[in-house]
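Working notes, beginning with the structure itself.
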Amino acid sequence: MSEFVTVAKVGSIPENTGGTFKVGDRLVAVFHWGGQYHAIDDLCPHMGASLGAGCVDEDGAVACPWHAWRFDVTDGTWCDNPRIKIDAFEVRIVGDDIQVRARTE
Ligand code: FES
């Protein structure tokens, strides 16, 4: 059974940026974009950079800090090949806590 994990406080992640957090046994990149919080796998599938360190553009795509592969922060789609996605995680706000649902697979 998966559970929500508190990762940060509302307001602690500036708009168009992200951070990396441990959720269960995964590292998750949580971004603040479009007035909402979004969570995708932190591990870039190219060479393993941390996507949480990237900046989000006006279209909601985070650019990997190493070689600029871009991923949609809302669902993990790789912008250069939409048939490929990295994992996305459910996010909720409880009070002033940002919570991410752990995935068990
Ligand atoms: S490690 Fe992310 S684009 Fe190369």
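Worth a mention:
- Any hit, the stretch 84-100, residues being more than 13 Å from the ligand (Cβ to nearest atom), among the hydrophobic types (A, V, I, L, M, F, W, C), exposed (fewer than 13 other Cβ atoms within 10 Å of the Cβ) and in a strand (DSSP E or B): yes
- Considering residues of the stretch 42-63 that are more than 9 Å from the ligand (Cβ to nearest atom) and part of a helix (DSSP H, G or I) only, the residue nearest to the chain's Cα centre (by Cα): GLY52
- Screening TRP66 on (1) assigned to a loop (DSSP other than H, G, I, E, B); (2) more than 13 Å from the ligand (Cβ to nearest atom); (3) of a type in the set (A, V, I, L, M, F, W, C) shows it passes everything except condition (2).
- Residues of the stretch 42-60 that are more than 20 Å from ARG92 (Cα to Cα), touching a Lys or Arg at 6+ places or on another chain (Cβ under 9 Å) and surrounded by 16 or more Cβ atoms within 10 Å (Cβ to Cβ): LEU43, GLY54.
- Hits in the stretch 1-41 - residues which are farther than 15 Å from PHE89 by Cβ, part of a strand (DSSP E or B) and touching a residue at least 40 places away in the same chain (Cβ under 8 Å): LYS9
- With respect to the conditions (1) part of a loop (DSSP other than H, G, I, E, B); (2) surrounded by 19 or more Cβ atoms within 10 Å (Cβ to Cβ), ASP80 falls short on a single one, namely (2).
- Screening GLN36 on (1) crowded, with 16+ Cβ neighbours inside 10 Å; (2) over 17 Å from THR20 (Cβ atoms) shows it passes everything except condition (1).
- Qualifying residue in the stretch 37-51 (condition: out of contact with any His (no Cβ under 6 Å at 6 or more places or on another chain), over 25 Å from THR104 (Cα atoms) and at pLDDT 95 or above): no
- In the condition set (1) in contact with a helix residue (DSSP H, G or I) (Cβ under 7 Å, 6 or more places away or on another chain); (2) more than 16 Å from the ligand (Cβ to nearest atom), LYS22 is compliant with all but (1).
The values are calculated or read from the model by the stated rules, or taken from the named source; none is laboratory data. Predicted, not measured: the structure shown is a model, and the values here were computed from it. Using ideal geometry, Cβ is built from the backbone for each residue, glycine included, and neighbour counts are taken over all protein chains shown.
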